[in-house]
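Heads up, the thing below is written out as structure tokens.
The values are calculated or read from the model by the stated rules, or taken from the named source; none is laboratory data. Owing to the predicted nature of the structure, the values given are computational and were not obtained by experimental measurement. Using ideal geometry, Cβ is built from the backbone for each residue, glycine included, and neighbour counts are taken over all protein chains shown.
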Amino acid sequence: MIEGGKRLEGKIRVSGAKNAAIAIIPAVLLVEGVCRIENIPRIKDVDAIISILTYLGAKVEFTAPDVLEIDATGVNTYKADCELARSMRASYYLLGALLGRFGNAQVSMPGGCDFGSRPIDLHIKGFEALGATVTVDRDIVTAHSKHLFADSIYLDFPSVGATINIMLAATRVPGTTVIENAAKEPHVVDLANFLNQMGAQIKGAGTDVIRIVGVDKLRGGTYSIIPDQIEAGTYMIAAAAAGGDVTVENLIPKHMESLSAKLEEAGVFIEEMDDSIRVRSDGKLKKINVKTMPYPGFPTDLQPQILALLTRAQGTSMVMETVWESRFQHTDELRRFGADIVIADERAIIHGVEKLKGASVKATDLRAGAGMIIAGLMAEGFTRVENVCHIDRGYENLVEKLKNIGAAISRINE
Ligand code: EPZ
């Protein structure tokens, strides 16, 4: 429940990156020995991937609130065809990790998705290039191989998931595997850094071409996960939309460049420090056009949040979604606040309105939920957001963090 119209002021701290954590935790399957992973975000998706590793036989323990120690040395099965894996979209990383460890993998995958189909053909193309035979039988994906070998793989689209999965599968394969047109997202680089810290030889992560020289084995070690780019961006947009003076701490300003540029264009004052960004806004915003793109472009995972902000910007804004084919369901919910949005194919045309009115809305997925919270912070009166389980998947202590900077927000149990 949110009472909108409050000015936001103060400091808000960003947690570890969800999309790095849920790739790095299964990557431990490739390591002999104990991995100590710091800056783990305490969110539902992390709980889910930890449960799957435990189910597979790994020893997993939190030694501090954000520090996880995992020893997967004793895991002796390549089968993760369980209900737990089916409940989590990123369980596909188990495919690459188990294939890389055992040469075989069998994983249950979730079906359809909150924002359209999520194919894994590029992941499969990568596994096949490395010598695996892949079959998909309803919701179970199986990859078998006698032995894997290195190869060059060109991705038709710089898919984050396919890039990460191929890296996982290839890290211990003899020879040099090359991924061309690789994804460059910060969490791709973070996974490569983690694997290298444990003894892998991966070069080029963060560029279009990643080269993986296979090593015999990886050993345990300590690694700290990067701050969450999307959580940071969500709080920057919240401050810009509601108005106020907020410093978002523990972020990497370089990761925020596309968002900072767009917020400045909308009339928001942005000040970059070493590991924080100060956002000042009087809540009066100018129209802008935004096009989502793979990194370093504007992230699709901040599209619902920036779209919420633009509902009150002066003039007509346009948001173009080029990464996911149907990621505008949240606009139906935004209309409940009085927003004026027209969808034409991959474009949303937003005619800015003077004010939003509090509404009863649903979080249709994780980032759509963040967009609803931002609309609620801007709106007059009370907003009730349902299905917050989606938000819990990816935001650590969102309610407490926003309360600390002056938002009138609370969690109600019914
Ligand atoms: C990751 O999903 C993120 N998830 C998503 O964030 C994010 O929206 C997305 O990357 C894009 O940045 C995780 O990291 C766990 P993709 P992923 O493969 O890897 C097409 C969030 O809110 N495609 O880069 O699944 C696909 O249909 C989540 O945190 C194929 O066609 O995304 C889409 O149009 C939601 N074939 C595009 O590529 C494939 O085999 C991008 O997908 C794979 C993808």
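What is the number of the single condition among (1) under 18 Å from the mean Cα position of the chain (by Cα); (2) within 8 Å of the ligand (Cβ to nearest atom); (3) in contact (Cβ under 8 Å) with a residue 24 or more places away in the chain that Pro119 does not meet?
(3)
Check segment 260-274 and report whether any residue there is under 23 Å from Val188 (Cα atoms) and crowded, with 18+ Cβ neighbours inside 10 Å.
yes
What are the residue pairs meeting all of these: first residue in segment 221-238, first residue in the same structural domain as Gly267 (by TED's automatic domain parsing) and under 20 Å from Asp274 (Cβ atoms), second residue modelled with pLDDT of 95 or more and among the aromatic types (Phe, Trp, Tyr), Cβ atoms under 7 Å, and 6 or more apart or on different chains?
Correct list of pairs: Glu231/Tyr395.
Among the residues that make up segment 111-119, is at least one of them modelled with pLDDT of 95 or more and aromatic (Phe, Trp, Tyr)?
no
Which count do you get for residues in segment 146-160 that are within 15 Å of the ligand (Cβ to nearest atom) and either among the charged types (D, E, K, R) or crowded, with 22+ Cβ neighbours inside 10 Å (or both)? Working first, answer last.
Pass one, segment 146-160, residues within 15 Å of the ligand (Cβ to nearest atom): 153-160.
Imposing the further condition that a residue be either among the charged types (D, E, K, R) or crowded, with 22+ Cβ neighbours inside 10 Å (or both) reduces the set to 153, 156, 159.
Number of matching residues: 3.
Going by what's in this entry, would Gly243 be described as more than 27 Å from Asp66 (Cβ to Cβ), surrounded by 18 or more Cβ atoms within 10 Å (Cβ to Cβ) and assigned by TED's automatic domain parsing to the domain that holds Ala170?
no
Within segment 294-304, take every residue that is of a type outside the set (Ser, Thr, Tyr) and within 14 Å of the chain's Cα centre (by Cα) and give me the one that is farthest from Glu264 (Cα to Cα).
Across segment 294-304, the extreme among qualifying residues is Pro294.
Within segment 71-93, take every residue that is over 22 Å from Met198 (Cβ atoms) and without any contact (Cβ under 8 Å) to a residue 40 or more places away in the chain and give me the one that is surrounded by the most Cβ atoms within 10 Å (Cβ to Cβ).
Ranking the qualifying residues of segment 71-93, first place goes to Ala85.
Quick one: Val136 ticks every box in (1) within 15 Å of the ligand (Cβ to nearest atom); (2) hydrophobic (A, V, I, L, M, F, W, C); (3) part of a helix (DSSP H, G or I) bar one, so which box is it?
Condition (3) is where Val136 drops out.
Which strands (runs of 3 or more DSSP E) sit wholly inside segment 1-70 and have at least 3 residues that are away from the ligand (no atom under 16 Å from the Cβ) and surrounded by 23 or more Cβ atoms within 10 Å (Cβ to Cβ)?
31-38
Based on what the data block shows, is Asp45 over 22 Å from Asp228 (Cα atoms) and either outside the structural domain of Val246 (by TED's automatic domain parsing) or in contact with a Phe, Trp or Tyr (Cβ under 9 Å, 6 or more places away or on another chain) (or both)?
Taking the combined requirement at face value, the residue does not satisfy it.
Given the conditions (1) within 25 Å of the chain's Cα centre (by Cα); (2) over 30 Å from Asp345 (Cβ atoms); (3) of a type in the set (Ser, Thr, Tyr), which single one is not true for Thr163?
(2)
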